[in-house]
Structure formats: structure tokens, C-alpha cells
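Remarks on the structure that follows.
Nothing in this text is a laboratory measurement; each read-out follows from the coordinates by a stated rule. These figures come from a predicted structure and were not determined experimentally. Reconstructed Cβ throughout: ideal geometry from the backbone, glycine too, with neighbour counts over all protein chains shown.
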Amino acid sequence: MSIYCIEIFSTCRSSELLQCLLTAQQEFKTCNALQFHYKIIMTKVRFEWNRYKDKANLSNHGVSFDEAKTVFYDENAIEFYDQDHSLGEDRYLMIGLSSKLRLLLVSYSVREGKEEEIIRIISSRKPTKNEQKVYFERLI
């Protein structure tokens, strides 16, 4: 019995990641493979922010945007679509641990550049008790 190995190379943007995985799973089902192997190559990500908003955020909330960007590396971070603030552009909220092990809520938007995705940080703060509960309940 042969073992088939399918490698799927994709340059999917993170917004297309789910569709790429579904396509890969469908390929797996149609070839009756015993083993499934895939590789996803994601686009580069760059962070940006307004330096004046960064200073104001640090003064008002005690969080720099440089620290806030580290929340994106938390494997347990939770992301929400921010419908209330998505009038001119799509905005998102992420709750996660920063590199300083502080739980933070980050508001941001995503823009697509030519060769990278640009995450523009809008604000960051300590999450409310209810927001903290949402994060920690997922870990249990």
C-alpha cells in the first residue's frame, strides 16, 4: 500500500487562511491519502501606528504600542471583529498576553501592502473584568 503525501504551497493572506485549509482538506479526501502534509507560507506582517497616539496611549493607559504589538504573538490570544467602530474601515480587537506578561486589549486595523500585511495599532489598554474572564475561560 502506497502512502501519498500532498504538499500544498500557498501564499495566502491570513484573511484567506481558512479557505486554504478547507481546500487542502478537500484535496486530502479526494485522493484517499493515508498521510496529509501541508505547508502554508504566509505574507510578511509589519506593525505601524501614529506616534502621537502612542504617546497619548502610554500616558492614558500605561501601555506603549511597542508592547501592544507583542500581543499578536500570544498563541492563546482572542480576536473579535469590532463592529461598533468599523465605520470607515474594518477594526478588530485582540485580547492576549504581552511580552511583559500583562493581559492587554489591542484595537487595530489591517491593510494590505504589496508584499506584506500592515497591522495599524489604534489603541491598547488593560481589559475589563469581563474581557479578562473571556480570555481566561478559554484556557481552562
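Sorting 65-74, 97-106, 84-93 by average packing, meaning the other beta carbons within 10 Å per residue, from highest down gives 65-74, 97-106, 84-93. Restricting region 106-140 to GluC sites (Glu not before Pro) that sit in a DSSP loop and have at most 14 other Cβ atoms within 10 Å of their own Cβ leaves 115. With a simple spin-label model that places each label point 7 Å from the Cα along the Cα-to-Cβ direction, the separation between residue 132 and residue 84 comes to 1.9 nm. The slack between residue 99 and residue 60, meaning 0.36 nm per residue of separation minus the straight C-alpha distance, is 12.0 nm. Database remark: amide H of residue 45 closer than 5 angstrom to the amide H of 117 (H placed geometrically; neighbours at sequence offset of 5 or more, or on other chains; Pro and chain starts carry no H).
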